[in-house]
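Worksheet for the structure shown next.
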Amino acid sequence: MKVLRTVQEIRDFAGEQKKAGKRIGLVPTMGALHEGHLSLMRAAREKCDVVIASVFVNPTQFGPNEDYDAYPRRFEEDCRLLEGIPVDAVFHPEPSEMYPEGYCTYVQVDGDITNKLCGAQRPGHFRGVATVVTKLINLSRADEAFFGQKDAQQVVVIRRFVEDLNLNVHINMVPIVREESGLARSSRNTYLSPEEKEAACVLSRSLQNAKKAFEGGERDAEALKGLVAKEIQGEPLASIDYVELFSFPALHPMEKVTEDALLAIAVKIGKTRLIDNVILEGGRG
Ligand code: AMP
């Protein structure tokens, strides 16, 4: 696996692949890789001739009081996991390579899809995501890019700017990978103590219960959100940031679930903020 650290190196690598007529798949990550990331790598491996992963803790998507400095970094272990897929190249730049002195250009996605959920709670977050993903798509010359449903709003935002900016790449959404306990895999799970990890199962459990109620015929958005909130409130280590339900992928508010809907939550377990979601399909019947 090639390790690419500079803009020039990834440009050269992507250029050679394009010249050879290869279809390039890009999987952006912030590292501390786990099975969730690896499922994206496998999806890319299956669909593309060449897979480029990126491992970059992107400073522009973190708020001033967020965990940029504390975010886990373990590049050597990440490389071993990527070689196991196998991935062809990993792009691992320094922040100064992506944002050199004088840098001042950002991709801002306005409107109804960024003013809610994580967009409302993390000002500037999606501007940072949209900026870095645009740069990564350009540099890698990707035909396909792969993102997790774990960050469903991120997928909606990325699809929006890809269409708006006429980027020539197809965005794939890969299902959420969970531990046996139901806990969605996340690099931030490494912050949790054993006790907190057990408490964190309330996220997936509450969503699954709401999904069961939906499958049993419940269509009222407030009732579905209420079920989730009630269960989380029963867990002493958990505090709710949001429990929300929007149409998917448009992210419009809904009173009754009559089309595909995203039931999404953000919950603090101790000091660690975790997110999870389920998609409620259809809604008719
Ligand atoms: P991150 O390193 O947290 O920025 O995540 C990189 C990519 O992996 C994003 O597209 C995430 O949505 C995806 N991802 C993270 N956790 C999971 C998971 N448990 N299942 C599927 N995809 C995931």
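Before moving on, here are some points about what is shown:
- Applying the set (1) within 16 Å of the ligand (Cβ to nearest atom); (2) buried (at least 23 other Cβ atoms within 10 Å of the Cβ) to V50 leaves exactly one unmet item: (1).
- Among the criteria (1) buried (at least 22 other Cβ atoms within 10 Å of the Cβ); (2) more than 15 Å from the ligand (Cβ to nearest atom), the one Y103 does not fulfil is (1).
- Complete set of residues in the range 136-150 that are within 15 Å of the ligand (Cβ to nearest atom) and either among the aliphatic types (A, V, I, L, M) or not assigned by TED's automatic domain parsing to the domain that holds V55 (or both): L136, I137, A142, A145
- Some residue of the range 121-143 being at pLDDT below 95 and either in a helix (DSSP H, G or I) or among the acidic types (D, E) (or both): yes
- Residues that are within 16 Å of the ligand (Cβ to nearest atom) and either crowded, with 23+ Cβ neighbours inside 10 Å or under 13 Å from the mean Cα position of the chain (by Cα) (or both), drawn from the range 11-33: G25, L26, V27, P28, T29, M30, G31, L33
- Residues of the range 189-207 classified as under 25 Å from F146 (Cα atoms) and surrounded by fewer than 17 Cβ atoms within 10 Å (Cβ to Cβ), total: 1
- Hey, G36 within 14 Å of the chain's Cα centre (by Cα), in contact (Cβ under 8 Å) with a residue 12 or more places away in the chain, over 27 Å from Q8 (Cβ atoms) and in the same structural domain as A14 (by TED's automatic domain parsing) or not: yes
The values are calculated or read from the model by the stated rules, or taken from the named source; none is laboratory data. It should be emphasised that the depicted structure is a prediction, and the values quoted were computed from it without experimental measurement. Every residue, glycine as well, gets a Cβ built from its backbone with ideal geometry; the counts of neighbours run over all protein chains shown.
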